[in-house]
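Trainee: This is the structure I have questions about; it appears just below.
What follows is calculated from the coordinates using simple rules that are stated; it is not laboratory data. Since we're looking at a predicted model, the values are computed, not measured. Positions of Cβ are backbone-derived with ideal geometry, glycine not excepted, and every protein chain shown enters the neighbour counts.
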Amino acid sequence: MNPMIETAFGLAREQYAALGVDVDAALEQLAKIPVSMHCWQGDDVQGFEADAGDLTGGIQATGNYPGKASTPAQLRQDLEQAMALIPGAKRLNLHAIYLESAEPVARDKIEPKHFAGWVDWAKRQQIGLDFNPTCFSHPNSGDGMTLAHPDESIRRFWIDHCKACRRISAYFGESLGTPSVMNIWIPDGMKDLPADRLGPRQRLVAALDEIISEPFDEAHHIDAVESKLFGIGAESYTVGSNEFYLGYAATRDVALCLDAGHFHPTEVISDKISAASLYVRHLLLHVSRPVRWDSDHVVLLDDETQAIANEIIRNGLLERVHIGLDFFDASINRIAAWVIGTRNMKKALLKALLEPIDALRQAEQQGDYASRLALMEESRSLPWQAVWDYACAREGVPVGATWLAKVKEYEAEVLSRR
């Protein structure tokens, strides 16, 4: 290891120790916190269906940066390159459209065998897999309704799709020895004002209840549901609102997914974590970066990303919060997007682990709010970067921005030839 990195780390460890922070314990904990990277950053949410159509459901991946993956092998190769540049535990989050089959397979007929290649790869990488039904970009979602559709036959198609996905998710968990979190998000809503807001929600409740009726061992599979304030084509009414899914998760004992881009621009999910944790056992986070509205930009090490990490660590929720990412930027190198976003989430977790939380709590309990504020602000200037560099070097991951050279090299040798 570079002696300068070791020296800087030693000085940082002493400075943190003076505030009662055990840096070595923080590093050990950081290495074990998995962040679930999303496969769809690598190919702009296209997937590998034999009869794949246009991207719909209010989802847009803008940009045409060259080199995107067009086969499962290419996507896995790109993921391996990205993961090699990120320290600590990782997972991969798959959508149902990333199946592998030489023949077209209807979404309500997909099976574990169509994802066996992903499981074999995950075993080699020693990572867990998470999963999502794909309730968009399909003829049966063309009018903006899926599980809440008034047509029973269309609703049945999506119910059966989600049921099939749960079996695949349980297969992931059983095969890999770590539970797969399967998140249900649907685009259902209306562009203009509806006359009936209740009916679609009644249909959605009934559909979800049927979907989760087949029991699975929680050691293999965890159900999650994801809300949204609005979407493109669903600006006036979203069936699966925050209130709807918070109530559903609390009454059905499933996980609640909080997506950083799915709320009003003045709302943040960091404040929702502690509140929802009182009523919901498991939380799934989709850490993203909204710009104005739900634009899913690459995650930054900004105030909200840090606040999300702080809330998880301060409240001891690591065993109950599953951290995933959700962004897709087709205007920049896609591997760089993964690395920037995932490393930033890891940095935020490290900074949270290095916070002098005991001193902060003591000041708060004593009503000494000046000391609390002072400690919070001084913590921003503590040498966390030296600890981060040491964590990267210890795992053989590039330190600082040196990872970018690896991405450029890969782009020249692999991406540019596609």
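Trainee: At 0.36 nm per residue, and after removing the present C-alpha to C-alpha distance, how many nm does the segment from THR402 to HIS264 gain when stretched out fully?
Mentor: 46.0 nm
Trainee: Measure off 7 Å from each Cα along the Cα-to-Cβ vector at LEU19 and ALA250, then give the distance between these two points in nanometres to one decimal.
Mentor: The modelled label-to-label distance comes out at 3.5 nm.
Trainee: Given the C-alpha centroids of the range 235-266 and the range 88-159, what is the distance between them in whole angstrom?
Mentor: Their Cα centres are 21 Å away from one another.
Trainee: Also, quick follow-up: I need THR342, THR7 ordered by Cβ neighbour count within 10 Å, fewest first.
Mentor: The most exposed by this proxy come first: THR7, THR342.
Trainee: Using only Cα atoms, find the angle between the long axis of helix 369-379 and the longest principal axis of the chain, and express it within 0 to 90 degrees, rounded to the nearest 10.
Mentor: The answer is roughly 90 degrees.
Trainee: A further question on this structure: Taking Cα atoms, how many degrees apart are the long axis of helix 23-32 and the longest axis of the chain, rounded to 10 and kept between 0 and 90?
Mentor: 20
Trainee: How would LEU256, LEU11 line up from fewest to most surrounding beta-carbon atoms within 10 angstrom?
Mentor: LEU11, LEU256
Trainee: Let me ask you something else. How large is Rg over Rh for the chain, taking Rg from the Cα atoms and Rh as the Kirkwood inverse mean of 1/r across Cα pairs?
Mentor: Answer for the chain: 0.97.
Trainee: Then there is this: Roughly what angle does helix 334-353 make with the longest principal axis of the chain, taking Cα atoms, 0 to 90 degrees, to the nearest 10?
Mentor: 50
Trainee: While we're here: Pull out a ≥ b ≥ c, the square roots of the eigenvalues of the alpha-carbon gyration tensor of the range 3-74, then state rounded if a/c is under 1.5, prolate if not and a/b is larger than b/c, and oblate in the remaining case.
Mentor: Taking the square roots of the gyration eigenvalues as a ≥ b ≥ c, the range 3-74 is prolate.
Trainee: Taking amide H atoms as placed 1.01 Å from N in the peptide plane, list the residues 5 or more away in sequence, or in a different chain, whose amide H sits under 5 Å from that of ALA255.
Mentor: Close amide H contacts, sequence-distant or interchain: ASP223, ALA224, VAL225.
Trainee: What is the sum of charges around ASP389, taking Lys and Arg as +1, Asp and Glu as -1, for the other residues whose C-beta is under 14 Å from the C-beta of ASP389?
Mentor: Once all neighbours under 14 Å are counted, the net charge is +4.
Trainee: How about the range 257-356: which trypsin sites (Lys or Arg not before Pro) there are in a DSSP loop, with at most 13 other Cβ atoms within 10 Å of their Cβ?
Mentor: For trypsin sites (Lys or Arg not before Pro) across the range 257-356 that sit outside H, G, I, E and B with at most 13 neighbouring Cβ atoms in 10 Å, the list reads ARG292.
Trainee: Could you line up THR266, THR146 from fewest to most neighbouring Cβ atoms inside 10 Å?
Mentor: Listed from fewest to most nearby Cβ atoms, that is THR266, THR146.
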